[in-house]
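Presented below is the structure to which this report refers.
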Amino acid sequence: MAVSYHSTRASGEAAGVDFETALMRGLAPDGGLYLPRPVLPLPAGWQASRSLPDLATLVLPPYLGVEREALEPLLQAALDFPLPLVPLARDRHVLELFHGPTMAFKDVGARTMARLTAAAAAHRGRSVTVLVATSGDTGSAVADAFKGLARVRVALLYPEDMVSEMQERQLVAARPGVQAFRVRGTFDDCQRLVKGAFSDPALAQLGLSSANSINIGRLLPQALYYLWGVARLGRSTGAPAPVVTVPSGNLGNLTGGVLAEKMGMPVGRFVAAHNVNDFFPEFLEGRAEAYAFRPTRATLSNAMDVGAPSNFERLLALLGDALPERVWGVSVDDDATLGRMRTSARDDGYLPCPHTAVALEGLERYRAVSGDTRPAIVLATAHPAKFPDAVRRATGEPAPRSPQLEGLVDRQRNVLPLDAEPAALRAALLDFTAAAS
Ligand SMILES: *Cc1c(COP(=O)(O)O)cnc(C)c1O
């Protein structure tokens with residue numbers, strides 16, 4: 001059965017588009033976000049896949065409208081790093097998603113999407129300018145994933161003073177076909193600029209495409225590691241339906257998990273663990289109206305500093321009134337984040353990054369409130385070496401070394417300042433694409 005893509009804002013009968021169109025557009029013309037329809041049941045034998053690329057090759061072809069044979073090498077190249085499931089005490093299992101080139105889970109979606117985008121650009125015989133707003137890890141994952149691909153340029157926008165020094169170093173490293181912009185504003189300003197650029201007629205000829213977590217090309221691959229983790233846990237313990245805890249900001253990661261559950265993956269419950277940017281947990285508890293978003297607050301888990309999570313719209317479309325039943329929400333402040341980093345290192349011998357610490361803390365609170373003792377998977381979204389200041393504050397020790405990150409110190413930089421104004425972005429993009437073509 002062919003899968004098509006429908007806007008969250010379209011009426012039920014409106015015609016969908018194919019994957020390539022949804023990938024290149026990013027946002028639907030009505031301002032909504034694309035979701036696949038139908039969500040197909042998982043193919044037989046999915047639990048037995050021996051690697052993430054094998055699992056991806058089994059599950060994705062009908063969603064992408066591409067033959068398995070054509071897809072396999074692309075997925076093997078994109079998903080070429082391990083995703084270990086590390087057991088902790090009390091039936092907790094940490095699924096480490098940060099062993100890709102930029103040491104954050106966004107490598108999974110970005111590397112898959114980059115190759116799909118290059119394939120689509122070649123297929124259409126035109127070039128593409130990928131425009132991305134980042135709260136920290138997206139930009140470097142996207143820049144690394146798309147660098148040097150034929151017919152593809154990347155412009156990335158990040159908020160000044162809201163990314164760690166290490167993250168900034170990763171963002172501004174010079175890469176072929178990539179330009180970084182340091183925006184005088186917040187992450188929400190960056191997202192607003194990106195949304196505005198897509199509807200700016202003066203930029204229509206650039207073939208703008210998004211690589212934020214709003215893009216379906218990043219979202220679909222993010223269903224895969226849930227399947228991988230749940231299958232591995234099921235094989236090793238026979239546990240059928242774990243609680244899955246997700247450190248959340250823009251809710252793209254969680255949406256991948258909800259898609260996997262729609263495909264038929266067994267999940268006890270999702271825990272959405274947020275920092276003090278707490279719109280979603282408040283919504284789940286009935287204390288915030290849908291879309292009553294809040295200004296962004298800066299925290300230690302800065303890749304989750306999102307006041308207005310874009311993928312909320314998708315979660316509502318997928319689960320509707322069942323959202324609070326399937327997802328439990330929790331908000332963890334910086335003190336509790338540091339406390340959890342410390343106790344996890346001390347008691348479990350496991351040092352998490354601040355984002356992963358929010359999830360570990362969220363799981364403890366969920367278990368305390370619910371009494372649910374089912375096995376749990378906690379997604380670990382970044383390597384602790386990316387957050388040396390937080391590690392030092394939490395443990396009094398320096399962060400573990402990472403040759404991957406230390407290599408960036410001497411890399412040549414390429415970054416331009418940008419005012420948070422649509423006209424400034426328009427001029428900058430026209431300059432960049434003129435210079436690059
Ligand atoms: C982006 C990011 C998150 C949040 O993921 P969303 O999809 O935005 O909810 C969590 N942790 C890290 C390290 C990230 O980079």
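The values are calculated or read from the model by the stated rules, or taken from the named source; none is laboratory data. Remember, predicted model here, so these are calculated numbers, not experimental data. Using ideal geometry, Cβ is built from the backbone for each residue, glycine included, and neighbour counts are taken over all protein chains shown. All accessible areas refer to the heavy atoms of the entire protein, side chains included, with ligands and DNA or RNA removed. Shrake-Rupley method; radii C 1.70, N 1.55, O 1.52, S 1.80 Å.
Side notes on the structure shown:
The rows are residues; the columns are (1) within 22 Å of His99 (Cβ to Cβ); (2) within 16 Å of the ligand (Cβ to nearest atom); (3) in a helix (DSSP H, G or I).
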site	(1), (2), (3)
Ala141	yes, yes, yes
Arg153	no, no, no
Leu157	no, yes, no
Met166	yes, yes, yes
Gln205	no, no, yes
Gly217	yes, yes, yes
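- Some residue of region 197-217 being open to solvent by 20 Å² or more (accessible area, probe 1.4 Å), more than 19 Å from Thr117 (Cα to Cα) and within 20 Å of the chain's Cα centre (by Cα): no
- Helices (runs of 4 or more DSSP H) fully within region 39-110 counting 1 or more residues that are within 16 Å of the ligand (Cβ to nearest atom) and either over 24 Å from Ala211 (Cα atoms) or not polar (S, T, N, Q) (or both): none
- Residues in region 232-253 that are away from the ligand (no atom under 16 Å from the Cβ) and among the polar types (S, T, N, Q): Ser236, Thr237.
- Hey, Val108 surrounded by 24 or more Cβ atoms within 10 Å (Cβ to Cβ), touching a strand residue (DSSP E or B) at 6+ places or on another chain (Cβ under 7 Å) and in contact (Cβ under 8 Å) with a residue 40 or more places away in the chain or not: no
- Qualifying residue in region 359-382 (condition: open to solvent by less than 20 Å² (accessible area, probe 1.4 Å), in contact with an Asp or Glu (Cβ under 8 Å, 6 or more places away or on another chain) and more than 20 Å from Asp137 (Cβ to Cβ)): yes
- Pairs linking a residue in region 408-424 that is of a type in the set (D, E, K, R) to a residue that is open to solvent by less than 50 Å² (accessible area, probe 1.4 Å) and not in a loop (DSSP other than H, G, I, E, B), with Cβ atoms under 6 Å and 6 or more positions apart or on different chains, are Arg411/Ala173; Arg413/Val172.
- Gly264 meets each of the listed conditions (1) more than 19 Å from the chain's Cα centre (by Cα); (2) at negative phi; (3) away from the ligand (no atom under 15 Å from the Cβ) apart from (2).
- Remark: Arg413 falls outside the filter, which requires a residue to be of a type outside the set (A, V, I, L, M) and at pLDDT 95 or above.
- Test: residue in region 417-432 that is away from the ligand (no atom under 16 Å from the Cβ), closer than 15 Å to Val271 by Cβ and open to solvent by 70 Å² or more (accessible area, probe 1.4 Å): no
- Region 299-311 - residue that is within 10 Å of the ligand (Cβ to nearest atom) and open to solvent by less than 10 Å² (accessible area, probe 1.4 Å) and, of those, nearest to Thr138 (Cα to Cα): Met304
- Residues in region 375-397 that are in a loop (DSSP other than H, G, I, E, B) and either within 15 Å of the ligand (Cβ to nearest atom) or at pLDDT 95 or above (or both): Pro375, Thr381, His383, Phe387, Gly396.
- From the list Gly256, Gly229, the lone residue that is in a helix (DSSP H, G or I), over 20 Å from Asn311 (Cα atoms) and within 16 Å of the ligand (Cβ to nearest atom) is Gly229.
- Filter result (within 16 Å of the ligand (Cβ to nearest atom), over 15 Å from Asp305 (Cα atoms) and among the aliphatic types (A, V, I, L, M)) within region 267-290: Val271, Leu284
- When each of Pro61, Pro53, Pro38 is tested for being surrounded by fewer than 13 Cβ atoms within 10 Å (Cβ to Cβ) and at pLDDT 95 or above, the lone residue that passes is Pro38.
- Condition broken by Leu88, with the remaining ones in (1) hydrophobic (A, V, I, L, M, F, W, C); (2) surrounded by fewer than 24 Cβ atoms within 10 Å (Cβ to Cβ); (3) within 24 Å of Asn250 (Cα to Cα) satisfied: (3)
- Matching residues in region 231-284 - criterion: being open to solvent by less than 10 Å² (accessible area, probe 1.4 Å) and of a type in the set (Val, Ile, Thr): Val243, Val244, Thr245, Val246, Thr255, Val258, Val271
- The number of residues in region 398-413 that are open to solvent by less than 50 Å² (accessible area, probe 1.4 Å), within 19 Å of Thr138 (Cα to Cα) and away from the ligand (no atom under 16 Å from the Cβ) comes to 1.
- Filtering region 289-345 to residues that are farther than 27 Å from Tyr158 by Cα, in a helix (DSSP H, G or I) and free of Cβ contacts under 8 Å to residues at least 12 places away in the same chain leaves Gly320, Asp321, Ala322, Glu325, Thr343.
- Considering only residues in region 385-397 that are more than 18 Å from Asp305 (Cβ to Cβ) and of a type outside the set (S, T, N, Q), the one that is most open to solvent (accessible area, probe 1.4 Å) turns out to be Arg392.
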